[in-house]
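Beneath this line is the structure, given in structure tokens, with notes to follow.
The values are calculated or read from the model by the stated rules, or taken from the named source; none is laboratory data. All figures in this text were calculated on a predicted structure; none of them were measured in a lab. Backbone-built Cβ (ideal geometry, glycine too); neighbour counts: all protein chains shown.
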Amino acid sequence: MKHYPFLDLAAANSPYADSLAEAAARVISSGRYIGGPEVTDMEEMLASQVGTGSAIGVSNGLDALRMSLRALILTGRISPGDEAVFPANTCAATALAIADAGLIPVPADVEPDSLLLDAANLESKLTGRTKVVVPVHLYGRLCWSDDMATLVARHGLTVVEDCAQSIGAAGSVAGPGGGKRAGSIGHIAAFSFYPTKNIGAIGDAGAVTTSDPELEQAVRSLANYGTTRRNRFEYRGFNCRLDPIQAAMLKVKLPHTDSENAARRSVATVYDSNLNPTGLRLPPLPATPEECVWHQYVVRVSPGIRDNVRARLLDRGVETDIHYPVPVHMQPCFRGIASGPLPVVEEASASMISLPVGPPATPAGAAEIAGIINDIMQGR
Ligand SMILES: *Cc1c(COP(=O)(O)O)cnc(C)c1O
């Protein structure tokens, strides 16, 4: 029987294996193991790719969010105790960072088709204490709209983008965001290079992007013990520096962001045209292809059959996953933070199935998987 892995990280990195090994050897022989040119090169590469004034390499995606939010506090833009709205179907790290910074996490429901935070759900969570919104470009799809921009401007909200799943996603020039890439829309943005992301390091890595020099300096300082110059500790900071080995790995992989995303897009396109939507809810195609980099391809079935469909897919060699089975507001560490039920998020968490879309998935394999799913859904 043919096997369709959900994701194979060794396969994902095999096209780059020689360059990665060379880059690692270069760092080892350089004698420069903290900071230095590998990190600054990677930062320049990312900033120019995203279209921001700067990028700051950090240890991982959670720390990128933590340092972004803490930099906003350090520079007096927001204060501990302010409320930060985020979509409840995100990775727990989004909410962990909000809580870590002393802000109040306010989970919101999402738009039922795209499963992204939208203006209506954001507006329903606004109070006099709301100061931050964290749009999560979930599943690789740009989470921004003209309505959201209007709402953010009217209420003077600070926008912290969570770009962990969306490197390379770009709005169309005519659409919301005016052609901007994920990471250049808000005041500050967080990226993760966790190995399973569209561009993954060989371990943990992350980055912050911003075009605000004051925020850049605050992140740089906070992530490096709170120093402003040698032996001067201006703030009570952290050690969230990007490892130069990982920076060197990312220098190899970042130039391939668009081609990696294009490969995922071609798999998603085949699912879209081959899956029979009877009894199966497909993710909407974005207005323009560039708006989505398909970190996940998430379909939904009725909650009662979800686990059975997954088991039958596995019987026929198709690995699947769920992103995520338990929404953030129902996790033990956050239980009770929601001010009401979040019906779309809760229903989606019980009905979603993530299909293979990352390496080694191919368009031909996606057509085969779609055939298997159509068979299962039609009782064959
Ligand atoms: C992966 C992820 C994170 C956390 O990134 P790490 O590098 O694992 O800390 C944060 N937010 C979202 C949406 C993610 O998918």
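Considering segment 273-286 alone, what residues qualify as being buried (at least 16 other Cβ atoms within 10 Å of the Cβ) and out of contact with any strand residue (DSSP E or B) (no Cβ under 9 Å at 6 or more places or on another chain)?
Scanning segment 273-286 gives a single hit, Asn274.
Filter segment 269-308 for residues that are within 25 Å of the chain's Cα centre (by Cα) and hydroxyl-bearing (Ser, Thr, Tyr) and give the result.
Thr269, Tyr271, Thr288, Tyr297
What's the total number of residues in segment 17-39 that are touching a Pro at 6+ places or on another chain (Cβ under 6 Å) and within 20 Å of His256 (Cα to Cα)?
Matching residues across segment 17-39 total 2.
I'd like the residue in segment 92-112 that is closer than 20 Å to Cys163 by Cα and surrounded by fewer than 20 Cβ atoms within 10 Å (Cβ to Cβ) and, out of all such residues, is nearest to the chain's Cα centre (by Cα).
Among those that are closer than 20 Å to Cys163 by Cα and surrounded by fewer than 20 Cβ atoms within 10 Å (Cβ to Cβ), it is Ala92.
Go over the candidates Ser259, Ser266 one by one and state the one that is small (Gly, Ala, Ser), under 30 Å from Ser354 (Cα atoms) and free of Cβ contacts under 8 Å to residues at least 24 places away in the same chain. Outline the logic, then answer.
Values: Ser266 fails: free of Cβ contacts under 8 Å to residues at least 24 places away in the same chain.
Residue meeting the stated conditions: Ser259.
Matching residues to (1) away from the ligand (no atom under 12 Å from the Cβ); (2) over 29 Å from Ile78 (Cβ atoms); (3) not small (Gly, Ala, Ser):
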| residue | (1), (2), (3) |
| --- | --- |
| Gly203 | no, yes, no |
| Asp212 | yes, no, yes |
| Arg230 | yes, yes, yes |
| Gly237 | yes, no, no |
| Met249 | yes, yes, yes |
| Leu254 | yes, yes, yes |
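Filter segment 71-100 for residues that are away from the ligand (no atom under 15 Å from the Cβ), in a helix (DSSP H, G or I) and either of a type outside the set (A, V, I, L, M, F, W, C) or over 26 Å from Met45 (Cβ atoms) (or both) and give the result.
Residues satisfying the conditions are Ile73, Leu74.
Let me confirm something: among Asp321, Asp375, Asp315, which residue is at pLDDT 95 or above, under 18 Å from the mean Cα position of the chain (by Cα) and over 30 Å from Gly177 (Cα atoms)? Lay out the reasoning, then the answer.
Numbers: Asp375 fails: under 18 Å from the mean Cα position of the chain (by Cα); Asp315 fails: under 18 Å from the mean Cα position of the chain (by Cα).
One residue alone meets the criteria, Asp321.
When you go through Gly317, Gly371, Gly379, Gly336 one by one, which is the residue that is surrounded by fewer than 16 Cβ atoms within 10 Å (Cβ to Cβ), in contact (Cβ under 8 Å) with a residue 24 or more places away in the chain and either polar (S, T, N, Q) or on the phi > 0 side of the Ramachandran plot (or both)?
Working: Gly371 fails: either polar (S, T, N, Q) or on the phi > 0 side of the Ramachandran plot (or both); Gly379 fails: in contact (Cβ under 8 Å) with a residue 24 or more places away in the chain; Gly336 fails: in contact (Cβ under 8 Å) with a residue 24 or more places away in the chain.
The unique qualifying residue is Gly317.
Take the residues in segment 50-70 that are among the aliphatic types (A, V, I, L, M) and in contact with a Leu (Cβ under 9 Å, 6 or more places away or on another chain); name whichever of them is nearest to the ligand (Cβ to nearest atom).
Kept after step one, since they are among the aliphatic types (A, V, I, L, M), are these residues of segment 50-70: 50, 55-56, 58, 62, 64-65, 67, 69.
The next check asks that each one be in contact with a Leu (Cβ under 9 Å, 6 or more places away or on another chain); those that pass are 55-56, 58, 62, 65, 67, 69.
On the way: Ala55: 15, Ile56: 15, Val58: 9, Leu62: 4, Leu65: 6, Met67: 12, Leu69: 12 Å.
The extreme case among them is Leu62.
Would you confirm, using the coordinates I've provided, whether Arg154 is farther than 30 Å from Tyr297 by Cα and within 16 Å of the ligand (Cβ to nearest atom)? Break it down into steps so the answer makes sense when it comes.
On the way: farther than 30 Å from Tyr297 by Cα: yes; within 16 Å of the ligand (Cβ to nearest atom): no.
So Arg154 fails the test.
For residues that are touching a residue at least 24 places away in the same chain (Cβ under 8 Å) and more than 16 Å from the ligand (Cβ to nearest atom), tally how many sit in segment 157-190.
Filtering segment 157-190 for residues touching a residue at least 24 places away in the same chain (Cβ under 8 Å) gives 157-172, 175-177, 180-190.
Add one more test, that the residue is more than 16 Å from the ligand (Cβ to nearest atom), and what stays is 157-158, 170-172, 175-177, 180-181, 184, 187.
Qualifying residue count for the region: 12.
For residues that are part of a strand (DSSP E or B) and closer than 30 Å to Asp18 by Cβ, tally how many sit in segment 209-260.
Final tally of qualifying residues: 2.
Taking segment 161-183 on its own, how many of its residues are crowded, with 24+ Cβ neighbours inside 10 Å and touching a Phe, Trp or Tyr at 6+ places or on another chain (Cβ under 9 Å)?
The total comes to 9.
Which condition number does Ala268 fail, the rest of (1) among the small types (Gly, Ala, Ser); (2) assigned to a helix (DSSP H, G or I); (3) out of contact with any Cys (no Cβ under 8 Å at 6 or more places or on another chain); (4) farther than 23 Å from Ala190 by Cα being met?
(3)
Inside segment 73-109, can you point out the residues that are acidic (Asp, Glu) and under 12 Å from Val134 (Cα atoms)?
Taking segment 73-109 as the starting set, the residues that turn out to be acidic (Asp, Glu) are 82-83, 100, 109.
Hit for segment 73-109 is Glu83, nothing else.
Going by the conditions given, is Thr127 within 16 Å of the ligand (Cβ to nearest atom) and modelled with pLDDT of 95 or more? Walk me through how you get there before you give the answer.
On the way: within 16 Å of the ligand (Cβ to nearest atom): no; modelled with pLDDT of 95 or more: yes.
So Thr127 does not fit the description; no.
Do the conditions hold for Gly31, that is, is it free of Cβ contacts under 8 Å to residues at least 24 places away in the same chain, surrounded by fewer than 24 Cβ atoms within 10 Å (Cβ to Cβ) and not β-branched (Val, Ile, Thr)? Even if it seems obvious, please write down each step before you answer.
Values: free of Cβ contacts under 8 Å to residues at least 24 places away in the same chain: yes; surrounded by fewer than 24 Cβ atoms within 10 Å (Cβ to Cβ): yes; not β-branched (Val, Ile, Thr): yes.
Criteria met by Gly31.
Among the listed residues Glu38, Glu44, Glu22, which satisfies the condition of being out of contact with any helix residue (DSSP H, G or I) (no Cβ under 9 Å at 6 or more places or on another chain), in a helix (DSSP H, G or I) and either of a type in the set (Val, Ile, Thr) or away from the ligand (no atom under 16 Å from the Cβ) (or both)?
Glu44
How many residues are surrounded by 14 or more Cβ atoms within 10 Å (Cβ to Cβ) and more than 16 Å from the ligand (Cβ to nearest atom) if we restrict to segment 287-306? Don't jump to the end; show me each part of the working.
Taking segment 287-306 first, the residues surrounded by 14 or more Cβ atoms within 10 Å (Cβ to Cβ) are 287-301, 303, 305-306.
With more than 16 Å from the ligand (Cβ to nearest atom) added as a condition, the list becomes 287-291, 299-301, 303, 305-306.
Matching residues across segment 287-306 total 11.
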